[in-house]
Amino acid sequence: MKSPNQFIVVPANESRYDNVKSIEGLDIILNTSEEEASFSNRVAIVLKTPIDYSGPIEEGDSILVHHNVFKFYNDMYGRRQSGKSFFKDNQFFVDETQYYMYKKISKWYAVEPFCFVAPLPKTETYIYKPFTNEPLMGVMEYPCQSIERHGIKKGDVVTFMPDSEYEFKVEDKKLYRIRSKNIIAYESKGN
């Protein structure tokens, strides 16, 4: 079975939530709240591509999805429900607005119009900075095609607009998903 315009996916590791960490062979549950978006599983495995889809994503590839794809929620009567993406038997529909990167074999690729930026550690200055990362700056990790057309490459330091970043964890690394139009300056690192 295929959908006319949506991918059919299953959550990676067959789990809707990414809230268990193994420490010295012991599984520790980090959070039990189904409402917390940061513990929602955001990696899906593609079972079926849409009918007539001709893009680079193939069955078996991984895609990075919106945090609401797999989450449970409670309806107005307090009953546990699946969201609008649920199809059946731990399978979900994902449309083009709900995924941001795809992984072929072992390499991730950003999907237009998004790119992914790693936070830049704060620089030491005479001014006190009460944070751990430089605000509104980062290192380009996964550029999309429109960013690359402007000459921005992986490893370049970029500046982005306020409140344009959305945090993801990719391969255990903290990254910001940012729309390419919100990247406002860059410094080439000669890659």
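The values are calculated or read from the model by the stated rules, or taken from the named source; none is laboratory data. All figures in this text were calculated on a predicted structure; none of them were measured in a lab. As a convention, Cβ positions derive from the backbone with ideal geometry for all residues, glycine included, and neighbour counts pool all protein chains shown. Ligands, DNA and RNA are stripped out before the accessible areas are found, and what is left, the full protein with its side chains, is counted by its heavy atoms. Shrake-Rupley method; radii C 1.70, N 1.55, O 1.52, S 1.80 Å.
Results, tabulated for the structure shown:
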{"quantity": "Total residues in the range 36-54, condition part of a loop (DSSP other than H, G, I, E, B) and within 23 Å of Leu175 (Cβ to Cβ)", "calculated": "3"}
{"quantity": "Single match in Asn41, Asn31 (criterion: at pLDDT below 90, open to solvent by less than 80 Å² (accessible area, probe 1.4 Å) and in contact with a strand residue (DSSP E or B) (Cβ under 7 Å, 6 or more places away or on another chain))", "calculated": "Asn41"}
{"quantity": "Contacts under 6 angstrom Cβ, first residue in the range 53-64 being more than 16 Å from Gln145 (Cβ to Cβ), partner part of a loop (DSSP other than H, G, I, E, B), 6 or more apart", "calculated": "Leu64/Arg42"}
{"quantity": "Residue match in the range 147-160 (condition: in a strand (DSSP E or B) and surrounded by fewer than 19 Cβ atoms within 10 Å (Cβ to Cβ))", "calculated": "yes"}
{"quantity": "Test set (1) more than 26 Å from Lys174 (Cα to Cα); (2) among the aliphatic types (A, V, I, L, M); (3) modelled with pLDDT of 90 or more; (4) part of a loop (DSSP other than H, G, I, E, B) - Ile57 fails condition number", "calculated": "(1)"}
{"quantity": "Single residue of Glu167, Glu141 found to be among the acidic types (Asp, Glu), closer than 26 Å to Asn13 by Cβ and surrounded by 14 or more Cβ atoms within 10 Å (Cβ to Cβ)", "calculated": "Glu141"}
{"quantity": "Residue match in the range 7-18 (condition: over 15 Å from Phe86 (Cβ atoms) and assigned to a loop (DSSP other than H, G, I, E, B))", "calculated": "yes"}
{"quantity": "Per-region count, the range 7-28, residues among the polar types (S, T, N, Q), surrounded by 12 or more Cβ atoms within 10 Å (Cβ to Cβ) and over 21 Å from Trp108 (Cβ atoms)", "calculated": "1"}
{"quantity": "Strands (runs of 3 or more DSSP E) contained entirely in the range 77-130, each with at least 1 residues that are within 27 Å of Ser180 (Cβ to Cβ) and not charged (D, E, K, R)", "calculated": "91-94, 99-104, 107-110, 114-121"}
{"quantity": "Residue satisfying condition, being of a type outside the set (Lys, Arg), at positive phi and modelled with pLDDT under 95, within set Glu165, Glu171, Glu124, Glu134", "calculated": "Glu171"}
